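The values are calculated or read from the model by the stated rules, or taken from the named source; none is laboratory data. What you see is a predicted model; the values in this text were computed from it and never measured. Every residue, glycine as well, gets a Cβ built from its backbone with ideal geometry; the counts of neighbours run over all protein chains shown.
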Amino acid sequence: MRRALPSATVSLSLALGAVAPGAPAAPPAGRSLLLATALQERPGETQKVWVFFRDKGTDAAAARAGAQAALTPRARARRALRGDTRDVTFEDLPLLRAYADSVAARVTRVRHEVPWVNAMSVEATADQVAAVEALPFVDRVDLVRGYRARREEDLFGRTKGAGAADAPPAEAPGDHCKRTCVVSPGTPSPSPTTAPALDYGPAVGQLNQIDVPAVHQMGLHGEGVIVAVFDAGFDTLAHEAFASMSIADRHDFVNGDDDVGNGSDKGEGSHGTETLSVLGGFSPGHLIGPAFNATFLLAKTEDTTSETPVEEDNWAAAAEWAEARGADVISSSLGYLTFDPGFKSYTFADMDGRTAISTRAADLAAARGVVVVNSAGNEGPNAQHNTLGAPADGRLVLAIGAVTAAGQRASFSSVGPTADGRTKPDVAAQGVSVVVATPGAPRSYTTSSGTSFSCPLTAGVVALVVQARPSATVSQVEDAVRSTASQAARPDNLLGWGIVDAARAVQAIAR
């Protein structure tokens with residue numbers, strides 16, 4: 001549904017992250033109970049907080065122009081082709097500069113500006129929070145909530161693959177985009193330039209299970225599709241599997257720069273290196289990803305140096321960034337639900353498709369034509385409630401469970417339903433002993449387990465469907481993936497509609 005842009009004052013009061021029904025009123029007025037508790041329990045510490053604004057100013061024309069300017073031509077073309085939200089809406093309008101600058105002058109550090117939720121995230125002391133709350137244009141201040149999970153790699157041992165960890169292959173410096181990085185959605189798929197039979201090596205099983213080779217033989221490898229990958233960092237220059245990968249842009253939302261690899265700053269790239277290789281790696285005889293010829297946007301969103309929960313403002317900011325740069329698909333292997341002591345976060349009851357800010361950002365991206373694919377989580381079953389992690393609970397998000405190579409549900413795979421009763425996960429792919437590029441070993445391969453790896457396999461399939469049917473809406477793509485999966489006739493809250501079938505999904509949408 002399209003939303004008309006207000007012609008006069010652009011004003012909206014948002015109610016995100018509200019305190020659960022029945023909780024005491026937040027003291028003082030406008031301050032959430034979670035934030036009040038955090039300030040009381042950890043006095044003197046700097047807190048990470050959201051500052052929500054009452055409006056976006058009164059100059060609608062200027063705001064609209066700013067929002068249009070923030071979108072690349074590729075993003076505008078994708079919205080027009082397959083978005084439910086095609087025009088600039090209130091959510092797209094930039095924060096009023098005067099508001100953001102006033103807040104910035106009163107806090108320790110600005111983390112992110114997120115127009116989609118009309119807020120900015122900052123680090124502030126109790127006194128600074130009080131000063132921000134006193135500003136007349138501030139609607140409320142809330143804690144940046146987070147979530148944390150067991151690392152998938154801790155669940156299963158790794159098996160080192162063959163290959164010497166010698167020097168990385170030579171590459172051109174900088175952005176090694178060796179194919180067309182900016183391509184309009186709907187560009188016809190090119191004819192295959194290589195023989196239809198590819199040597200998948202040890203990765204053949206994880207692709208055969210979801211019928212990817214059949215789609216590759218159709219001449220579809222992800223050409224013309226832009227996939228954004230959110231993770232903890234990526235060492236794309238240090239492994240042969242990425243030697244020919246097209247990367248259009250990178251950004252580190254943890255440290256605020258464009259270096260998404262390993263370095264002296266926060267964030268370690270092994271997990272992202274593995275997930276990216278599963279989706280788009282290309283090393284014949286060792287590992288080939290479903291969408292190896294797609295173009296990629298890489299976003300570092302997780303700080304692996306800390307044992308505190310991951311803050312979802314990084315995820316929300318990355319979603320806006322990727323959408324504005326023309327992403328067709330988001331692959332996110334970051335879903336969390338096990339909390340560290342002393343941190344206030346989401347619970348299973350908040351997995352309702354409307355509470356978590358990352359979930360709301362994911363659905364906003366989807367409304368603009370981006371197919372969002374997210375790990376369901378690795379918390380296993382619970383007889384009393386779901387074990388999902390945001391944003392897998394999103395109404396427009398494909399939540400991905402995990403199965404073994406034999407097609408049995410992995411014991412760690414998170415389950416639904418959502419708190420509001422919807423079936424989750426949506427579909428599944430192999431998530432046990434998945435072949436990945438070995439981080440730090442340029443010509444070596446290993447195996448890893450978790451929904452972190454069933455997610456990129458599925459995201460690769462989604463990219464192939466988008467390539468084959470570029471004008472299909474997000475709902476049509478997701479319905480095609482679900483309706484052709486292995487248990488589509490009897491979906492459940494363990495594996496959703498079942499194991500993905502790439503060939504059937506590609507053919508399910510009429511040309």
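Test of understanding: among Ala119, Ala170, Ala130, Ala195, which residue is modelled with pLDDT under 95 and not assigned by TED's automatic domain parsing to the domain that holds His286? Every option except Ala130 fails the conditions. Against the list (1) part of a loop (DSSP other than H, G, I, E, B); (2) crowded, with 20+ Cβ neighbours inside 10 Å, the condition Val373 fails is (1).
On the stretch given as region 261-305, residues that are modelled with pLDDT under 85 and more than 27 Å from Asn208 (Cα to Cα) total 13. Residues in region 356-379 that are of a type in the set (S, T, N, Q) and under 12 Å from Val117 (Cβ atoms): Ser358, Thr359. Checking each residue in region 481-511 for being more than 23 Å from Val436 (Cβ to Cβ) and crowded, with 22+ Cβ neighbours inside 10 Å picks out Thr484, Ala485, Gly496, Trp497, Gly498, Ala505, Val506. The residues in region 33-76 that are more than 26 Å from Ala126 (Cα to Cα), among the small types (Gly, Ala, Ser) and free of Cβ contacts under 8 Å to residues at least 24 places away in the same chain can be counted, and the count is 4.
Yes/no matrix, rows are residues, columns are (1) touching a Cys at 6+ places or on another chain (Cβ under 8 Å); (2) in a helix (DSSP H, G or I); (3) among the β-branched types (Val, Ile, Thr):
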| position | (1), (2), (3) |
| --- | --- |
| Leu35 | no, yes, no |
| Ala38 | no, yes, no |
| Pro43 | no, no, no |
| Val51 | no, no, yes |
| Gly57 | no, no, no |
| Arg64 | no, yes, no |
| Ala69 | no, yes, no |
| Arg74 | no, yes, no |
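For region 232-243, the criterion of a residue being aromatic (Phe, Trp, Tyr), more than 23 Å from Arg443 (Cα to Cα), within 17 Å of the chain's Cα centre (by Cα) and in the same structural domain as Pro470 (by TED's automatic domain parsing) is satisfied by no position. Residue selection: Val229 fails the criterion of being at pLDDT 95 or above, assigned by TED's automatic domain parsing to the domain that holds Asn293 and more than 22 Å from the chain's Cα centre (by Cα).
Every residue, every condition in (1) of a type in the set (Val, Ile, Thr); (2) farther than 22 Å from His286 by Cα; (3) modelled with pLDDT under 90, yes or no:
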| site | (1), (2), (3) |
| --- | --- |
| Leu135 | no, yes, no |
| Val138 | yes, yes, no |
| Gly205 | no, no, no |
| Ala214 | no, no, no |
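Checking each residue in region 50-96 for being β-branched (Val, Ile, Thr) and more than 21 Å from the chain's Cα centre (by Cα) picks out Val51, Thr58, Val88, Thr89.
The number of residues in region 77-99 being without any contact (Cβ under 8 Å) to a residue 60 or more places away in the chain and surrounded by fewer than 18 Cβ atoms within 10 Å (Cβ to Cβ) comes to 3.
Could you please let me know if Ser449 is over 30 Å from Gln507 (Cβ atoms) and crowded, with 24+ Cβ neighbours inside 10 Å? Judged against the criteria, Ser449 is a match.
Where residues in region 368-386 are modelled with pLDDT of 95 or more and not small (Gly, Ala, Ser), which of them is farthest from Val229 (Cα to Cα)? Of everything passing the filter in region 368-386, Arg368 is farthest from Val229 (Cα to Cα). Consider Arg54 carefully, then state whether it is surrounded by 13 or more Cβ atoms within 10 Å (Cβ to Cβ), among the charged types (D, E, K, R), farther than 25 Å from Ala131 by Cα and modelled with pLDDT of 85 or more. Here the answer is no, as Arg54 does not meet what is asked.
Per the listing Ala365, Ala322, Ala419, the residue uniquely more than 12 Å from the chain's Cα centre (by Cα) and either under 29 Å from Ala67 (Cα atoms) or assigned by TED's automatic domain parsing to the domain that holds Gly205 (or both) is Ala419. Residues in region 393-433 that are of a type in the set (S, T, N, Q) and without any contact (Cβ under 8 Å) to a residue 40 or more places away in the chain: Thr404, Gln408, Ser411.
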